[in-house]
1. Is segment 70-87 home to any residue that is within 14 Å of the chain's Cα centre (by Cα), small (Gly, Ala, Ser) and farther than 24 Å from residue 5 by Cβ?
2. Evaluate segment 55-64: report whether one residue or more is of a type in the set (D, E, K, R) and over 23 Å from residue 13 (Cα atoms).
3. Search segment 85-103 for residues that are in contact (Cβ under 8 Å) with a residue 40 or more places away in the chain and pair each with any residue that is open to solvent by 60 Å² or more (accessible area, probe 1.4 Å) when their beta-carbon atoms are under 7 Å apart and the residues are at least 6 apart or on different chains.
4. May I ask you to verify whether residue 63 is more than 14 Å from the chain's Cα centre (by Cα) and either among the aliphatic types (A, V, I, L, M) or at pLDDT 95 or above (or both)?
5. Can you work out which of the residues in segment 1-19 that are in a loop (DSSP other than H, G, I, E, B) and closer than 13 Å to residue 112 by Cα is least open to solvent (accessible area, probe 1.4 Å)?
6. Mind checking which pairs have a first residue in segment 7-27 that is under 12 Å from residue 72 (Cβ atoms) and free of Cβ contacts under 8 Å to residues at least 60 places away in the same chain and a second that is open to solvent by 80 Å² or more (accessible area, probe 1.4 Å) and β-branched (Val, Ile, Thr), Cβ under 8 Å, 6 or more apart or different chains?
7. Can residue 92 be described as over 16 Å from the mean Cα position of the chain (by Cα) and either open to solvent by 70 Å² or more (accessible area, probe 1.4 Å) or at pLDDT 95 or above (or both)?
8. For segment 53-110, which residues satisfy the criterion of being closer than 18 Å to residue 28 by Cα and polar (S, T, N, Q)?
Amino acid sequence: MNLKECYIKFGGDFDEVLGRLRREQTVQKFVYKFLDDKSFYLFETSMGNKDYEEALRAVHTLKGICQNLSFTRLFESSNLVTKALKENDWNTAVEMMSKLSMDYYEIINVIKEFKSSGEE
């Protein structure tokens, strides 16, 4: 699997991110850095603690990263959760957590698969 196939597999827009970051090596560097980002875990923990202000900060950060890296599917789900939290719609935010989690882990697993394939 190459980087473009990786993007296709997790519902991202490779051509868009390549247009933004210009070099495939740069895209790959930031895709790998995403594996170390703690925004999603902070979001989950904050939601579990009903600290919705901190959850909003964390999911908003995640949304921005996804937008910059053209992680389209995860951007869309994080955007919906961000909107719900901004509107103080806690129940909707909680209901959307499973979709956000599914999208997040799909990206993480595909990136790990790509990284271990050695097709860099």
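1. The first filter runs over segment 70-87 and keeps only residues within 14 Å of the chain's Cα centre (by Cα), leaving 70-82.
Subset that is small (Gly, Ala, Ser): 70, 77-78.
The next check asks that each one be farther than 24 Å from residue 5 by Cβ; those that pass are none.
No, the conditions are met nowhere in segment 70-87.
2. Yes.
3. Pairs found: 103/73.
4. On the way: more than 14 Å from the chain's Cα centre (by Cα): no; either among the aliphatic types (A, V, I, L, M) or at pLDDT 95 or above (or both): yes.
In short, no.
5. Checking each candidate, the answer is 1.
6. Partner pairs satisfying both residue conditions: 14/8.
7. Numbers: over 16 Å from the mean Cα position of the chain (by Cα): yes; either open to solvent by 70 Å² or more (accessible area, probe 1.4 Å) or at pLDDT 95 or above (or both): yes.
Yes: the conditions hold for residue 92.
8. 67, 68, 70, 72, 109
The values are calculated or read from the model by the stated rules, or taken from the named source; none is laboratory data. Please read all numbers here as calculations on a predicted model, not as lab measurements. Reconstructed Cβ throughout: ideal geometry from the backbone, glycine too, with neighbour counts over all protein chains shown. The protein model used for the area step is the full one, side chains on, heavy atoms only, and it has no ligands, DNA or RNA in it. Shrake-Rupley method; radii C 1.70, N 1.55, O 1.52, S 1.80 Å.
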